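Taking it in order: structure first as structure tokens, then the write-up.
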Amino acid sequence: MKKFVRFIALSLAVIGFSTVAKADFEYKEAVMGDENAPVTIIEYASYTCSHCADFHNNVLPQIKKDYVDTGKVKVIFRDFPFERLGATAAVLSRCVDPMRYLGFNSLLMKQQQQWAYSKNPIDGLFKLAKLAGMSQEKIDSCLADEKLLDKIIAVRKAAMDEHGFDSTPSFLINGEKVVGAGEYERFKSIIESKLD
């Protein structure tokens, strides 16, 4: 794990972020829905994971409509990056204005094919961050924040150590482990069982 953190820090330094003034961005839990909802879904995902994008684009909207918007479910988003690009996207997502996090999260997943698999994915990622209201200065400062990256890596490590997760997306639904994106009906069945 330490090698992974050093690799990310070194990679960011190599692409030009080591000389930027550091700011302390706080890692805050990103939550969609009523804090008091009876069912909690915790999602562990990477912005470069195609199955995660599939979940966000095809399953989550229906969960939101049927359960989040009705106050029955809250969704907590946690980062689980596997490589430098995913870690960079995770760091940037935690630096956007908190009121814009859900929109930026959705944008990264919807546009994943366009930015993550382009010839210059960092450029594509920065363009999306700017659409979310981040200046280049804020982007650079955010990416220089080693504490934020350390927290993201710690969240990933905790998911591995405490829950045995080693792939994305992975979920905890009121404590029940669910691995893989799957279909809406699969999630509906589990949610309904938790509401009984």
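The values are calculated or read from the model by the stated rules, or taken from the named source; none is laboratory data. Because the structure is a prediction, the values reported are computed rather than measured. Cβ sites come from the backbone with ideal geometry, for glycine too, and all protein chains shown count toward neighbours.
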Exercise for the section: Return yes or no: is residue 125 in contact (Cβ under 8 Å) with a residue 60 or more places away in the chain, in contact with a helix residue (DSSP H, G or I) (Cβ under 7 Å, 6 or more places away or on another chain), part of a helix (DSSP H, G or I) and not hydroxyl-bearing (Ser, Thr, Tyr)? Expected result: no
Practice task
Please specify each residue of region 85-99 satisfying the condition of being in a helix (DSSP H, G or I) and at pLDDT below 95.
Solution key: 98, 99
Exercise for the section: Collect the residues in region 1-54 that are touching a Leu at 6+ places or on another chain (Cβ under 8 Å), at pLDDT below 95 and β-branched (Val, Ile, Thr), keeping them in residue-number order. Expected result: 5, 8, 20
Problem - Scan of region 28-77 for residues that are under 21 Å from residue 129 (Cβ atoms), touching a strand residue (DSSP E or B) at 6+ places or on another chain (Cβ under 9 Å) and in a loop (DSSP other than H, G, I, E, B), ordered by number - result: 29, 46, 47
Practice task
Select from region 57-77 the residues that are surrounded by fewer than 19 Cβ atoms within 10 Å (Cβ to Cβ) and in contact (Cβ under 8 Å) with a residue 60 or more places away in the chain and write down the one among them that is nearest to residue 110 (Cα to Cα).
Solution key: 58
Problem - Failed item in (1) over 19 Å from residue 54 (Cβ atoms); (2) outside any helix (DSSP H, G or I); (3) hydrophobic (A, V, I, L, M, F, W, C), with residue 82 passing the rest - result: (1)
Exercise for the section: Please work out which residue is farthest from the chain's Cα centre (by Cα), limiting yourself to region 114-154 and to residues that are of a type in the set (Val, Ile, Thr) and surrounded by 18 or more Cβ atoms within 10 Å (Cβ to Cβ). Expected result: 139
Problem - Residue match in region 107-117 (condition: in contact with a Pro (Cβ under 7 Å, 6 or more places away or on another chain), in contact (Cβ under 8 Å) with a residue 24 or more places away in the chain and over 22 Å from residue 68 (Cβ atoms)) - result: no
Practice task
Return yes when residue 94 is of a type outside the set (Ser, Thr, Tyr), touching a strand residue (DSSP E or B) at 6+ places or on another chain (Cβ under 9 Å) and more than 22 Å from residue 179 (Cα to Cα) and no when it is not.
Solution key: yes
